[in-house]
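Written below as structure tokens is the structure these notes are about.
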Amino acid sequence: MELTVPPAVAAKARVAGSGGWLTGLPGLVAELSREWGVTVGRAFPDATEAFVAEAVTADGTPAVLKLLVPRAGGHAGHEIAVLRLTAGSGCATLLRHDEARHALLLERLGPSLADLGLPLERRLEILCDAAARVWRPVPAPVALPTGAAKAEWLIGFIERRWADLGRPCAAATVRHAVRAAERRIAAHGDDRSVLVHGDVHQWNALRAGDGFKLVDPDGLRAEPEYDLGVLMREDPVELVAGDPRDRARWLARRTGLDATAIWEWGVVERVSTGLVLAAIDVQPLARQMLGAADAISRDATSGP
């Protein structure tokens, strides 16, 4: 079977040391097609984290086959856990899964929010509402990373990747992000922790009937402000065109959450994601995100 793997997915596999997964991808797709009784069609060209393709089940139901790039950290298990907990409410419905092979079969949804050309404020409204539908208690048997553990991991990731990439943003920007992550670690409390998606943005919100569902959850047990911090890293050009803190204040008013926590998660996510995008050469977005991070760190204050 000849497959078209998006360049960003191939680059992520190489960065993760999963070149063998790329080579074996056609065979894996063929195996799952037989075992799950699905016919696999065209691949989605804009995927970045996984090979994602249209599929049709034996009874004619439209579906999506998703094969995650294997990497350390248990990402497939975390995504499967989120989808099982949400059970189609807030996130896409999980039809089949094989954690060992990083494979998921999902309901097929409509176009992404990014394809609809809506104004930024309307997109933020939709994404806030979509994220809130995911937030719920995490049952004790479900093992997901905490927000504090994720912040600790992000500190190490930012420092290592910044050095590996030849310092693509200012050292002060890295220090600013590390300090923000340390404050979120100190603020973590199990009493406020809920299930959070972890990567809420317009490409991960897909039309479902008259609303939207989220796809590609990272899966954390964290304060809900984490998801809104992701919205602070997105649309970086628009963010720095005015006062960046205005967006954190707006998100806080919309959701009744804490503006400072939203701001600090945004500082961390902006730098870490900018470095991820730089590593797989997603341009100009990587430069824009890191440029926004530099501008914000130069004007750093205590918060919004």
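The values are calculated or read from the model by the stated rules, or taken from the named source; none is laboratory data. Quick caveat: nothing in here was measured; it's all calculated off a predicted structure. Positions of Cβ are generated from backbone atoms using ideal geometry, with glycine treated the same way; all protein chains shown enter the neighbour counts. Just so you know, the surface numbers come from the protein's heavy atoms only, side chains and all, with ligands and any DNA or RNA stripped out. Shrake-Rupley method; radii C 1.70, N 1.55, O 1.52, S 1.80 Å.
Descriptive notes on the structure:
- Scanning segment 2-35 for residues that are in contact with an Asp or Glu (Cβ under 9 Å, 6 or more places away or on another chain), at pLDDT 95 or above and surrounded by 15 or more Cβ atoms within 10 Å (Cβ to Cβ) yields one hit, 32.
- When residue 160 is tested against (1) touching a Lys or Arg at 6+ places or on another chain (Cβ under 9 Å); (2) under 23 Å from residue 290 (Cα atoms), exactly one condition is not met: (1).
- Residue-level analysis places residue 130 outside the set of residues that are touching a His at 6+ places or on another chain (Cβ under 9 Å), modelled with pLDDT of 95 or more and farther than 19 Å from residue 91 by Cα.
- Where a residue in segment 177-204 is more than 15 Å from residue 157 (Cβ to Cβ) and its partner, wherever it lies, is of a type in the set (Phe, Trp, Tyr), with Cβ under 6 Å and at least six apart: 194/135; 196/226
- Matching residues in segment 121-147 - criterion: being over 11 Å from residue 197 (Cα atoms) and open to solvent by 50 Å² or more (accessible area, probe 1.4 Å): 121, 122, 129, 137, 139, 140, 141, 143
- As a summary of the residue check, residue 150 satisfies the conditions (1) under 25 Å from residue 222 (Cα atoms); (2) touching a helix residue (DSSP H, G or I) at 6+ places or on another chain (Cβ under 6 Å); (3) modelled with pLDDT of 95 or more; (4) crowded, with 21+ Cβ neighbours inside 10 Å except for the one numbered (2).
- Answer residue from segment 36-67, given it is outside any strand (DSSP E or B) and under 14 Å from residue 95 (Cβ atoms) and is most open to solvent (accessible area, probe 1.4 Å) among those: 59
- When segment 146-189 is filtered for residues that are over 22 Å from the mean Cα position of the chain (by Cα) and within 24 Å of residue 90 (Cβ to Cβ), only 189 remains.
- Strands (runs of 3 or more DSSP E) wholly inside segment 202-293 containing at least 2 residues that are closer than 30 Å to residue 191 by Cβ and open to solvent by 10 Å² or more (accessible area, probe 1.4 Å): 211-214
- Counting only residues that are small (Gly, Ala, Ser), part of a loop (DSSP other than H, G, I, E, B) and open to solvent by less than 30 Å² (accessible area, probe 1.4 Å), segment 68-109 holds 3 of them.
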